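Step one of this worksheet: look at the structure below.
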Amino acid sequence: MEQKLHAGSIKAPIDAWLDLIHSDMPEKDLVAGLRNIYKYPMPGIAEIILESYCPNNCRHCIYPPDYHSFNSTLSAENWTVILGKLYMTIGLRKYVFSGRSLNEKGISIISNFKKKFPDIEVGIICDGRTIEPLVDKVIQLAPDWVDMSVDGLEKDHDLQRNDAGAFQKTMSVLRQLKDSGVIKKVNILTCLTTLNINSVLDMIETLNNMGFKNFFVAPVTVLEGHRPDPNLAPKMEDLIQFVDAMISRSKGYYDAWVELDIYERQYAGGIKQLRPGLFAEFIPVGEHLEYITKIGNNEIHISYYQSSLTGFRELIINSDGTIALPKAMAMGKIPEECIFGNVSNPGEIIGILDTFTYKEAFSFYENEFLQEKHILGH
C-alpha cells in the first residue's frame, strides 16, 4: 500500500499524512498533498447503511429521528447489484452493515451476498432492542463479527438509549450470541458520553467476567447545529481521567482487548496537551495512529482515526445509494454539496471514485486536515 507523495519519494499513506501534518508547506501544497494520498489505493472497507428507518431514539445518535423521511431505502434487488459491483469492480472484500437498524430484509441481503461471494468478510452493528426478535436469524447468518451496542451499566444504558428495559434485552441477546458458538467475534461497542462515562469501565469489567473479550469505546461525535446534544460530549479533563482509569483498571481484566477509538481531532488534541508523553507513543498502524500497551494478558489501544482520511479508509454508502460525507447524516436531508455521487446506478461506482477529490464535498476533508494540522502539528 504505497504511493508517491512527490517525485523521488515513495510513502505509505499514513506516513505521507504525517509528513504533511509536520510540514511548513503553503496551504495549497498541503491540500494537493492530501488529494495525492486519496489517489491510491481504493478504500479497504465499505460501510453500508442498508435501512434508513430506525425505531430507536437514542440520545447520542447523530441521525435525526425522521431521517427516513428524507432518505429512501433501496430495494433488495438494488442492493444485490450494488454489492456485486463493489466486489467485482473495485475488489472490496470487507463490509460492515451498520443499519440504521437491522431487519429481516437486511439479513436476507447480507446472507445472499455471503452465499454468492464466500470469501468476503462481513460484520454487523446492532442493538439489543432491534436484534432481539431476529437473534436466531443473526446466528444463522453467522457474520464474521457482531458489534453489539452497550452503553454503560443498566441505568446509564437505558438512559442513553432512551428506552427502559433496553439493557436487559441486550444482555439476553449477548448471551444467545455467545452461547451459539458460531459467531467468531462478539465486540462490545460503546458511545462514551457525559451520561455513561462513570459506568463504562464497570460495564467492561462485568462483561469481561461473563467471557466477552473485545471492547471498543468511542467518544460521542457532535456536528455543530445538529444532533446529538453537544452537552453529551465529555469535557477534556474527564476524558483524560477516563483514559487513565481505562489503562490502570485493565490489570483486573482477563484476556481483554480494550480500545478507545477517537474520531474527533479535539479529543486527540486534548490527549496531546494533557498527556503529551502518551501522545508521543502513538504510532502509525494501517492508516491511523495508535497507542498500544500490554498489561498482563490484556491489550489496551487508543486509536486516532483522522477525520481527513475517513473517505480514504472506507466507502460509506447511504440507504439511498449516495456516497456522502461521514457527518452529513446529522442534517437529515443531505445537501448536494456533501455528496460525491450515487451508486444506485452501479455503473457509476468507478467514476465516483476516480473523481472523488475533484468534487465539492472533498473540501470537507481539506478543511478537516488543515484543522488537524493546527491542533496536532508542531
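Every number in this text was worked out from the coordinates using simple rules, so none of it is lab data. As the structure is a prediction and not an experimental result, all values here were calculated from the model. Ideal geometry is used to build each Cβ from the backbone, glycine not excepted, and the neighbour counts take in all protein chains shown.
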So the FRET efficiency between residue 45 and residue 226, C-beta based with R0 = 25 Å and rounded to 0.05, is 0.50
Which part of region 142-170 falls in the paramagnetic zone of residue 57, meaning amide N under 16 Å from the point 7 Å along Cα-to-beta-carbon? 158-166
CD proxy, 222 nm, the chain: helix-only mean residue ellipticity via -39,500 (n - 2.57) per DSSP H run with n ≥ 4, per residue, nearest 500, stands at -11000 deg cm²/dmol
Going by the alpha-carbon gyration tensor, a ≥ b ≥ c the square roots of its eigenvalues, is region 297-378 rounded (a/c under 1.5) or, if a/c is not under 1.5, prolate (a/b greater than b/c) versus oblate? prolate
Can you run the Rg to Rh ratio on region 235-378? Use alpha carbon positions and the Kirkwood inverse-distance Rh. 1.06
List the residues, sorted by chain then number, that are 5 or more residues from residue 45 or on another chain and whose placed amide H is less than 5 Å from its amide H. 315
For each pair in 114/213; 11/327; 169/251; 28/272; 155/185; 94/155, compute the distance between the two Cα atoms and list the pairs where it is over 32 Å. 94/155
Mean separation of Cα pairs under 8 Å and 6+ residues apart, divided by the residue count of the chain: what relative contact order is that in percent? 19 percent
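Taking R0 as 56 Å, what's the FRET efficiency between residue 245 and residue 80 from their Cβ-Cβ distance, rounded to 0.05?
With R0 = 56 Å, the Cβ-Cβ based efficiency is 0.75.
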Give me the one-decimal nm value for the distance between modelled label points at residue 132 and residue 280, 7 Å along each residue's Cα-to-Cβ direction. 5.1 nm
Whole-Hz Karplus couplings 3J(HN,Hα) for region 240-246, θ = phi - 60° and coefficients 6.51, -1.76, 1.60, Gly and Pro as x, run 5, 4, 5, 4, 4, 5, 4
Against the empirical 2.2 N^0.38 Å scaling, what ratio does the C-alpha Rg of region 232-276 come to? 1.24
Rg/Rg_globular for region 184-315, with Rg_globular taken as 2.2 N^0.38 Å and Rg from C-alpha atoms: 1.04
Eligible aspartates and glutamates near residue 294 by straight Cα distance, threshold 16 Å, same-chain separation 8 or greater: 244, 255, 259, 281
Added length on full extension, which subtracts the Cα-Cα distance from 0.36 nm per residue, residue 194 to residue 69: 42.0 nm
Which whole-number percentage describes the relative contact order of region 144-259, with Cα contacts under 8 Å and a sequence gap of 6 or more? 28 percent
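Given a cut-off of under 8 Å on Cα pairs at least six residues apart, what relative contact order in percent is computed for region 91-160?
So the answer I get is 34 percent.
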May I ask for the net charge around residue 254, where only other residues with Cβ less than 13 Å from the Cβ of residue 254 are counted and Lys, Arg are +1 while Asp, Glu are -1? 0
³J(HN,Hα) across region 356-366 via Karplus (A = 6.51, B = -1.76, C = 1.60, θ = phi - 60°), whole Hz, x for Gly/Pro? 3, 6, 9, 7, 4, 4, 5, 4, 4, 5, 4
Quick one: net charge of residue 125's neighbours, Cβ under 11 Å, K/R +1, D/E -1? -2
